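The values are calculated or read from the model by the stated rules, or taken from the named source; none is laboratory data. Quantities reported herein were computed from a predicted structural model and do not represent experimental measurements. Virtual Cβ from ideal backbone geometry, glycine too; neighbours counted across all protein chains shown.
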Amino acid sequence: MSKFQPVAFYSKQPESASAQYQLLPFRFTQLDGSRYVATNIAGEYTILDHPTLQAFVDHKLPATDPAYVTLRARHFLSDIHSQMGPDFLAIKVRTRHERLAQWTGLHIFVLTLRCEHSCPYCQVSRQSEDKGAFDMSQRHAERGITLALSSPNPNIKIEFQGGESFLNFDMMKFIVETAIAWNAKLPQPKNLSFVAATNLAIITEEMLEFCSAYGMDISTSLDGPKDLHNKNRPRPGKDSYERTIAGIDLVRKRLGRDKVNALMTTTLASLPQVTDIVDEYLAQGFKGIFLRPLSPYGFAIKTKFFRAYNAEQWLKFYDDGLDYIIELNRRGVDFREHYASTILTKMLTSQDPGYVDLMSPAGIGLGAVIYNYDGTVYASDEARMLAEMGDTTFKLGTVEDSFETLFTNDTFLTALEDSFAYSSPQCNDCAFEPWCGADPVFHWGQQQDFAGRKWESEFCHRNMHIFRGLVSRMENDPFVKNLFAQWANRC
Amino acid sequence: MAQFTLEFDAKSYSLLAIQKACHRHSGQASFEITQITELSSIQVIVSPRTASNKETLVQNLRTEALDQQMREVVRAETAGVRNLILAHAFSRTGLIQQDGQPPKKSV
């Protein structure tokens, strides 16, 4: 018997065969007044008008309709020509969730709360430079390393944060060298990597030499042009910008061009300056920017910075910035917006970039875990920020606890379960759910509810707006569609 | 805006679809939903939270109810294959444990 189908099998279905298809799981959400975004269980999407959507669900879509071919190709239906659809979908779903089986890969050590900057939007309470009481001890560091190396994940990234992480440089050196030594003794050593979050203001040759020796990455803060940056990030000498730029230059010379990344935070003063901010990143040789709103934690709340602008104002800032970046690319400048790139990777590929805020089950604990300077362990960076405000809901335990005890913490598991978007009210109907995430820390902080009431959730409002904006831009402009495909596949 | 009542035909809409449509608009109004079996209808008393446009709210609710009903159809029709896909996707990953079994030990 031949393994091949007869020729007739490959001919087009006659119109009369229009109802001979099976629906595969999908969700739909209005894109605008006339169109819907439909996503399948693996997050692939298509755009349908309402009559086509209704005909499709009613099994009345003719096989000759152009939408039919797309729906079949993207596994929204299976028919005689595409009976492998469910198998392909299963492989894509498995690929998208492969991180879950690996468990926590990012382990953040808060080396100190001390910082010589006094940024009013800072998300952790900073202390003065001379308070040794806010530094991580060797005992806590050793226990943190043991826990990090206990994760089943074969790729462990250790990130140093503060305060200013280099104010406790001795402990940074100890952790790097100890982690490498202990890792080498494991039956199956892990791939270890290191990154230091720093404002670069106090970086020295000795520090750079150490970072170079261990291939460390540097993550710094650059809020925009000199005036804006120095206004946002005050320090003695009022020279934060100058020090940051000099530091970026030094890091590139000593560690390599791609070893330094920068993050910006949007303040009220940033809102009218998005093109200047993007231009500053271009001038400093960066290939992209992450346009970030203020997070509702720490000093941002105490100093009322968080409520200084509303969601609509930030979204206009984001849209203006994204459109400007698209125009730069149209003129031949290779530059991208990192948040859009992260989402586009989820939209247009089967990969999940593992961005903690856009993971479901939530990225807390699963995507990252925090070993605080005092030995407490938190489920995310935002969780320790919340704790600095007096709410320790997301404290997993202390570094003295076992790995199993920390990750079977009742509150942690309840938060994961309650916020799981696949089964969360409204999210479970939303076409954008495969691209979105659960953020129980944000929603707990804002609403005292792990899942969050979506109709009043700024997280939901902001992301829905961005998802719709990305889809609309792609649908309306072939150049953007091509550009976004490149961004999605470079993440 | 004053309280008003909407009625949906229970032969065309499930109670769940109406509940979900109302839930999605909880920011604009509160709702009291009653199923009247003898009239085969679902009655929704709408108490708007703000002085927004009544016509727009009614239109949005009816559109959302239709969408939710269509979602019910898709969900019911694809339940079997959805479970099959998820079971297949997560087989051999160690993520599915028999009830009552402890999680896998770490290294």
For this session: Please tell me if B:ILE42 is over 26 Å from A:ARG35 (Cβ atoms), surrounded by 17 or more Cβ atoms within 10 Å (Cβ to Cβ) and at pLDDT 95 or above.
Result: yes
For this session: Could you list, in sequence order, all residues of the range A:50-67 that are acidic (Asp, Glu) and surrounded by 15 or more Cβ atoms within 10 Å (Cβ to Cβ)?
Result: A:ASP65
For this session: Find the residue count for the range A:91-101, including only residues that are closer than 13 Å to A:GLY363 by Cβ and either surrounded by fewer than 18 Cβ atoms within 10 Å (Cβ to Cβ) or more than 9 Å from chain B (Cβ to nearest Cβ) (or both).
Result: 2
Exercise. Which one is nearest to B:ALA65 (Cα to Cα) among residues in the range A:26-58 that are within 11 Å of chain B (Cβ to nearest Cβ) and touching a Leu at 6+ places or on another chain (Cβ under 8 Å)?
Worked result: A:PHE28
For this session: For A:MET84, work out the one condition from (1) in contact (Cβ under 8 Å) with a residue 40 or more places away in the chain; (2) out of contact with any strand residue (DSSP E or B) (no Cβ under 7 Å at 6 or more places or on another chain) it doesn't fulfil.
Result: (1)
Exercise. Taking the range A:183-237, which residues are assigned to a loop (DSSP other than H, G, I, E, B), surrounded by fewer than 20 Cβ atoms within 10 Å (Cβ to Cβ) and of a type outside the set (Lys, Arg)?
Worked result: A:LEU186, A:PRO187, A:GLN188, A:PRO189, A:ILE202, A:THR204, A:TYR214, A:GLY215, A:PRO225, A:PRO234, A:PRO236, A:GLY237
Seminar exercise, completed: Residue hits (the range A:114-141; under 24 Å from A:LEU366 (Cα atoms), modelled with pLDDT of 90 or more and either part of a loop (DSSP other than H, G, I, E, B) or hydrophobic (A, V, I, L, M, F, W, C) (or both)) are A:MET136, A:ALA141
Problem set entry | In the range A:163-182, residue nearest to the other protein chains (Cβ to nearest Cβ) [restricted to those that are of a type outside the set (A, V, I, L, M, F, W, C) and in a helix (DSSP H, G or I)] | A:THR178
Problem set entry | Members of the range A:92-113 that are more than 18 Å from A:LYS190 (Cα to Cα), in a helix (DSSP H, G or I) and touching a residue at least 24 places away in the same chain (Cβ under 8 Å) | A:LYS92, A:VAL93, A:THR95, A:ARG96
For this session: For the range A:447-466, indicate whether the set of residues that are touching a residue at least 24 places away in the same chain (Cβ under 8 Å) and on the phi > 0 side of the Ramachandran plot is non-empty.
Result: yes
Problem set entry | Leading residue by the ranking (nearest to the other protein chains (Cβ to nearest Cβ)) among those in the range A:436-481 that are under 19 Å from A:TYR355 (Cα atoms) and assigned to a loop (DSSP other than H, G, I, E, B) | A:ALA451
Problem set entry | Candidates B:GLN69, B:GLN59, B:GLN35 - the one that is more than 8 Å from chain A (Cβ to nearest Cβ), assigned to a helix (DSSP H, G or I) and either touching a helix residue (DSSP H, G or I) at 6+ places or on another chain (Cβ under 6 Å) or in contact (Cβ under 8 Å) with a residue 40 or more places away in the chain (or both) | B:GLN69
For this session: Check whether at least one residue in the range B:3-19 is in contact (Cβ under 8 Å) with a residue 12 or more places away in the chain, touching a helix residue (DSSP H, G or I) at 6+ places or on another chain (Cβ under 6 Å), part of a strand (DSSP E or B) and not small (Gly, Ala, Ser), and report yes or no.
Result: yes
